[in-house]
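Q: Submitted below is the structure of interest, expressed as structure tokens.
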Amino acid sequence: MNAQVDPELPAGFAITKANWHDLNQVWALEKLCFSKDDAWPYLDLLAALSFPGLVRYKLCKGKDLIGFVGGEVKEGVGWITTIEVHPDYQGRGFGKALLARAEAALGKPTIRLTTRKSNLVAIRMYEKAGYKPVDLWKAYYIGGEDGLVFEKSRGGED
Ligand SMILES: CC(C)(COP(=O)(O)OP(=O)(O)OC[C@H]1O[C@@H](n2cnc3c(N)ncnc32)[C@H](O)[C@@H]1OP(=O)(O)O)[C@@H](O)C(=O)NCCC(=O)NCCS
């Protein structure tokens, strides 16, 4: 089988569609990247990796899964539902690449996502990618922290 070569990524790294075969690796990554409060439960990840119509991409270095992004379309709006990069590989542009891949796959003119107000690294990534804050969901997260809703308009798509 031909290995997929992605010109945006360094040699040896690839972003490809994920599926339920990736469940255990995504779950392990989830626990590494998020606090206990924010990590998705196993069954939610299974749903994200198997329900039809959802967007899901993995970033792999060889056989190791080191990044994941999920998304869905709700009422005509594309939502990024989760994004994560293994701590050893953060700060190298992989988050940006996963985000761009999911946005393209969602294929909607408006993309939204939510993040904790305190997640400054994620907020910086979203702002750099063209997202603007549009709403505040009071006490959205476990522990009572507000959720910041960001939105990006992508011209000419649908
Ligand atoms: C958020 C996350 C996915 C970013 O992934 P990443 O691969 O580190 O991000 P990138 O290297 O692509 O960086 C993208 C932008 O984010 C910002 N950024 C990344 N790391 C940063 C840091 N340590 N400090 C400040 N800004 C940072 C920069 O603006 C960067 O763009 P630039 O390099 O052009 O300046 C990653 O930190 C992560 O998995 N965090 C834990 C899970 C999480 O919080 N997910 C988001 C939930 S809403």
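Read the figures in this text as sums done on the coordinates, not as results from a lab. All values reported here derive from a predicted model rather than from experimental measurement. Neighbour counts are summed over all protein chains in view; Cβ atoms, including those assigned to glycine, are modelled from backbone coordinates with ideal geometry.
Q: Which of the residue pairs Lys63/Lys108; Lys61/Lys152; Lys96/Lys138; Lys96/Lys132; Lys36/Lys96 have a Cα-Cα distance greater than 19 Å in the structure shown? Show your work: numbers first, answer last.
A: On the way: Lys63/Lys108 31 Å; Lys61/Lys152 29 Å; Lys96/Lys138 27 Å; Lys96/Lys132 16 Å; Lys36/Lys96 24 Å.
In this structure, Lys63/Lys108; Lys61/Lys152; Lys96/Lys138; Lys36/Lys96 exceed 19 Å between Cα atoms.
Q: Next up: Gain in length, Lys17 to Leu43, computed as 0.36 nm per residue apart minus the alpha-carbon separation, to one decimal in nm?
A: Full-extension gain reported as 7.4 nm.
Q: Provide the net charge surrounding Gly130, with neighbours chosen by a C-beta distance below 12 Å and charges set as Lys +1, Arg +1, Asp -1, Glu -1.
A: +2
Q: Kindly provide the helix-only [θ] at 222 nm of the chain, computed as the sum of -39,500 (n - 2.57) over DSSP H runs of four or more divided by all residues, to the nearest 500 deg cm²/dmol?
A: Working: 4 runs with 42 residues, N = 158.
Mean residue ellipticity, 222 nm, calculated: -8000 deg cm²/dmol.
Q: Per the Kirkwood treatment, what hydrodynamic radius in Å, one decimal, follows for the stretch 13-153 from the mean inverse distance over all distinct Cα pairs?
A: 15.2
Q: Please work out the C-alpha center-to-center distance from the stretch 100-158 to the stretch 29-55 and express it in whole Å.
A: After rounding, the separation between the Cα centres reads 18 Å.
Q: Which cross-chain or sequence-distant (5 or more) residues have an amide H under 5 Å from the amide H of Thr81, H modelled 1.01 Å from N in plane?
A: Those lying under 5 Å, H to H, from Thr81 are Gly70, Gly71, Glu72.
Q: Here's another thing I want to ask about it. Label points 7 Å out from Cα along the Cβ direction at Asn24 and Arg154: separation in nm?
A: Using points 7 Å along Cα→Cβ, the separation is 3.3 nm.
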